[in-house]
Amino acid sequence: MKKVILLFVLLSVCFIHTYSQNQLLVLDSYTIPVNKKGAVIGKVISERNEKITLKDSFGLFEIDKEKNIRLKKGKLLTANSPISYKVILKDGNAEKSFELVKDEFLHNKVIAHRGAWKDRDFSHNSMSSLKHAVEIGCEGSELDVWMSSDDVVVLSHDPSIGGKDVESTTAAELSAVALKNRDFVPTLEEYINYIKTQNKTKLIIEIKGTNKGKAIADSVVHLVHRMKAQAWVDYISFGMQYLTRVKELDPAAKVLYLGSDKSLEELKAAHIDGIDFHYSLFQKNPELADKAKSMDLLTNAWTVNKEEDMQSMLKLKLDFITTDEPELLLRLLEK
């Protein structure tokens with residue numbers, strides 16, 4: 001019996017050690033309220049019981065005893081302030097830099113599915129479709145990621161593109177695949193570089209369910225952190241295990257589940273932030289949205305392309321609506 005107890009303790013210690021090694025130093029928010037003096041921005045989340053200090057070359061920020069990063073007393077951002085601000089946190093002997101972003105992100109519900117491509121006949125998941133989603137004012141631009149044979153995260157909805165199997169092809173070879181409008185298959189790094197030039201539209205990254213799914217989840221989260229793009233990124237997937245992996249690495253990441261095989265209670269218990277269901281499920285069960293909201297779960301419907309379906313989703317007051325027709329949905333919202 002003593003051996004069994006000892007084995008359990010050792011396994012528990014190993015699990016805790018592994019989890020500690022994996023979890024990144026994060027904030028629960030990275031956006032700075034505008035025109036609010038002394039505003040709280042985000043709380044530091046760390047498993048280490050160390051004093052956390054902040055370096056700020058702008059002289060705008062401080063960290064309080066509760067580990068909240070905030071604007072100093074009397075300091076505020078205005079519409080004319082720069083978009084982003086780099087700060088460095090020191091947690092014991094470890095240092096990590098972050099970008100805090102002036103919060104002017106849109107909240108109009110519109111998520112462009114694979115970018116805004118249809119109206120201009122751009123390719124799905126292309127740089128042109130992303131740029132157009134930003135130009136027309138979408139709250140978010142959804143994209144699909146895979147991993148190339150040399151472990152680079154690239155964009156593609158399907159397992160193959162341009163006649164090439166994504167996971168068996170190098171990123172260099174994939175980048176040579178021609179798309180419409182003189183585009184080529186982009187990498188996630190290229191997408192992030194562009195999205196960080198503005199603070200209106202976010203990226204909604206779908207982690208595909210493949211043999212490399214866990215490796216993709218790891219690579220995506222680490223890339224987002226290396227590029228200090230946490231403020232611009234949310235995650236979705238049909239693979240529950242990929243979303244829980246994202247949460248292991250970054251407990252503050254916003255993740256929504258695309259599948260319909262889990263109860264709301266199961267999702268809440270797994271620390272999933274919301275549901276991202278086919279719109280027909282909301283139509284068949286009109287109480288679903290309200291129940292999810294009562295549990296503090298975010299709600300999104302996909303892929304809503306007809307005006308009458310858009311209207312029915314708007315009546316449910318969902319948080320987001322994913323569509324191939326973002327221009328149409330934006331026009332409806334203006335009425």
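The values are calculated or read from the model by the stated rules, or taken from the named source; none is laboratory data. None of the values given here were measured: they were computed from a predicted structure. FYI the Cβ positions are ideal-geometry reconstructions off the backbone, even for glycines, and counts take in every protein chain you see.
Looking at Met295, is it without any contact (Cβ under 8 Å) to a residue 24 or more places away in the chain and hydrophobic (A, V, I, L, M, F, W, C)? No; evaluated as a whole, the condition is false for this residue.
In the stretch 57-66 there is at least one residue that is of a type in the set (D, E, K, R), assigned to a strand (DSSP E or B) and either at pLDDT below 90 or surrounded by 10 or more Cβ atoms within 10 Å (Cβ to Cβ) (or both). Put simply, of Ser160, Ser148, Ser123 the only residue that is within 30 Å of Gln311 (Cα to Cα) and either outside the structural domain of Lys43 (by TED's automatic domain parsing) or of a type outside the set (Lys, Arg) (or both) is Ser123.
Restricting attention to the stretch 298-335, the residues being buried (at least 16 other Cβ atoms within 10 Å of the Cβ), closer than 18 Å to Thr201 by Cβ and among the acidic types (Asp, Glu) number 4. Asp121 meets all of the listed conditions (1) in contact (Cβ under 8 Å) with a residue 24 or more places away in the chain; (2) buried (at least 16 other Cβ atoms within 10 Å of the Cβ) but one, namely (2). Within the stretch 176-186, is even one residue within 27 Å of Met240 (Cα to Cα) and surrounded by fewer than 19 Cβ atoms within 10 Å (Cβ to Cβ)? For the stretch 176-186, residues within 27 Å of Met240 (Cα to Cα) and surrounded by fewer than 19 Cβ atoms within 10 Å (Cβ to Cβ): absent.
Within the stretch 277-299, the presence of at least one residue that is within 24 Å of Leu100 (Cβ to Cβ), of a type in the set (A, V, I, L, M) and in contact with a strand residue (DSSP E or B) (Cβ under 7 Å, 6 or more places away or on another chain) is confirmed. Pairs meeting the criteria (first residue in the stretch 146-162 and of a type in the set (S, T, N, Q), second residue outside any loop (DSSP other than H, G, I, E, B) and surrounded by fewer than 21 Cβ atoms within 10 Å (Cβ to Cβ), beta carbons under 6 Å, at least 6 apart or on different chains) are Ser148/Ala171; Ser149/Ser168.
Do we find that Ala94 is of a type in the set (Gly, Ala, Ser) and under 26 Å from Val34 (Cβ atoms) in this structure? It is false that Ala94 is of a type in the set (Gly, Ala, Ser) and under 26 Å from Val34 (Cβ atoms).
Pairing residues of the stretch 47-72 that are among the small types (Gly, Ala, Ser) with residues that are part of a strand (DSSP E or B), at Cβ distances under 8 Å and at least 6 apart in sequence or on separate chains, gives Ser57/Lys86.
Where in the stretch 282-335 are there helices (runs of 4 or more DSSP H), lying wholly inside it, with at least 1 residues that are over 21 Å from Gly115 (Cα atoms), at pLDDT 95 or above and not hydroxyl-bearing (Ser, Thr, Tyr)?
Per the criteria, 287-294, 307-315.
Among the candidates Lys208, Lys228, Lys202, the residue that is surrounded by 18 or more Cβ atoms within 10 Å (Cβ to Cβ), touching a residue at least 24 places away in the same chain (Cβ under 8 Å), on the phi > 0 side of the Ramachandran plot and in the same structural domain as Leu130 (by TED's automatic domain parsing) is uniquely Lys228. Taken over the stretch 25-41, the criterion of being in contact with a Pro (Cβ under 9 Å, 6 or more places away or on another chain) and either over 14 Å from Glu62 (Cα atoms) or touching a residue at least 60 places away in the same chain (Cβ under 8 Å) (or both) is satisfied by Val26, Asp28. Within the stretch 67-115, take every residue that is β-branched (Val, Ile, Thr) and not in a strand (DSSP E or B) and give me the one that is surrounded by the fewest Cβ atoms within 10 Å (Cβ to Cβ). Looking at the filtered set, the residue picked out is Thr78.
In the stretch 124-146, the residue that is farthest from Ala229 (Cα to Cα) out of those that are of a type in the set (A, V, I, L, M, F, W, C) and surrounded by fewer than 23 Cβ atoms within 10 Å (Cβ to Cβ) is Ile136.
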